[in-house]
Amino acid sequence: MMDRFEQFTSAISVITRYIQKLERDEMEKHGLRGAFAQYLLVMNRHPEGITAATVCELCDKNKAAVSRILTEMEAKGLIVRKSSGSAYRAQLVLTEAGKEAAEFVRRRASIAVELAGEGIADENRKQFYSTLNLIASNLQTICREGIPEETET
């Protein structure tokens, strides 16, 4: 029988794997990489522009990974850099093509989330997201502070 840790991590891994598969499959329809999906959504929430540093923070990705993806997105004409400052601090803005791609991702993700949550009552959904956010916050604290040492009782 699986313990709570195994059950939780297994479910999260399966969810992550299927989300990534959906991102890849859907983005390929536009000749784009699945990795662009999350970045497009985050950047779309910031029409005035956003720095790579903020993208790192909001997507919870490291600087090197964000830099690679943003460079690819710029080469594909999805974003432009609006400032002459350092590449990491420059304002990044979606182009019209980027906005169209972001809207496509938003629509497709909305459908996927609706279908994935089929059969879940609104109250249960609210409780689930509240619990999931609490677990995420608790894990963030544990990573920052470390797992406390066991005490003998």
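The values are calculated or read from the model by the stated rules, or taken from the named source; none is laboratory data. These figures come from a predicted structure and were not determined experimentally. Note that each Cβ is placed from the backbone with ideal geometry, even for glycine, and that neighbours are counted across all protein chains shown.
Within the set of pairs 6+ apart or on separate chains, which have a first residue in the range 102-113 that is under 11 Å from V42 (Cα atoms), a second that is not in a helix (DSSP H, G or I), and C-beta atoms under 7 Å apart?
The qualifying pairs are A102/L94.
Would you be able to tell me the number of residues in the range 77-102 that are charged (D, E, K, R), surrounded by 15 or more Cβ atoms within 10 Å (Cβ to Cβ) and modelled with pLDDT of 95 or more?
First, pick out the residues of the range 77-102 that are charged (D, E, K, R): 81-82, 89, 96, 99-100.
Going one step further and asking which of them are surrounded by 15 or more Cβ atoms within 10 Å (Cβ to Cβ), we end up with 81, 99.
Then keep just the ones that are modelled with pLDDT of 95 or more; that gives 99.
Looking only at that region, the number is 1.
Output yes when any residue across the range 54-76 is assigned to a loop (DSSP other than H, G, I, E, B), among the acidic types (D, E) and more than 19 Å from the chain's Cα centre (by Cα), and no when none is.
No, the range 54-76 contains no residue that is assigned to a loop (DSSP other than H, G, I, E, B), among the acidic types (D, E) and more than 19 Å from the chain's Cα centre (by Cα).
Can you name the residue in the range 66-93 that is in contact (Cβ under 8 Å) with a residue 24 or more places away in the chain and touching a strand residue (DSSP E or B) at 6+ places or on another chain (Cβ under 6 Å) and is also farthest from P47 (Cα to Cα) among such residues?
M73
Taking I142 as the residue in question, decide whether it is more than 21 Å from R17 (Cα to Cα), of a type outside the set (K, R), surrounded by 10 or more Cβ atoms within 10 Å (Cβ to Cβ) and not assigned by TED's automatic domain parsing to the domain that holds L40.
yes
Has the range 51-72 got any residue that is small (G, A, S), at pLDDT 95 or above and surrounded by 13 or more Cβ atoms within 10 Å (Cβ to Cβ)?
The answer is no, given that none of the residues of the range 51-72 is small (G, A, S), at pLDDT 95 or above and surrounded by 13 or more Cβ atoms within 10 Å (Cβ to Cβ).
For the range 27-67, which positions are of a type in the set (S, T, N, Q) and in contact with a helix residue (DSSP H, G or I) (Cβ under 9 Å, 6 or more places away or on another chain)?
Filtering the range 27-67 for residues of a type in the set (S, T, N, Q) gives 38, 44, 51, 54, 62, 67.
Once the filter is applied, which keeps residues that are of a type in the set (S, T, N, Q) and in contact with a helix residue (DSSP H, G or I) (Cβ under 9 Å, 6 or more places away or on another chain), the range 27-67 yields Q38, N44, T54, N62, S67.
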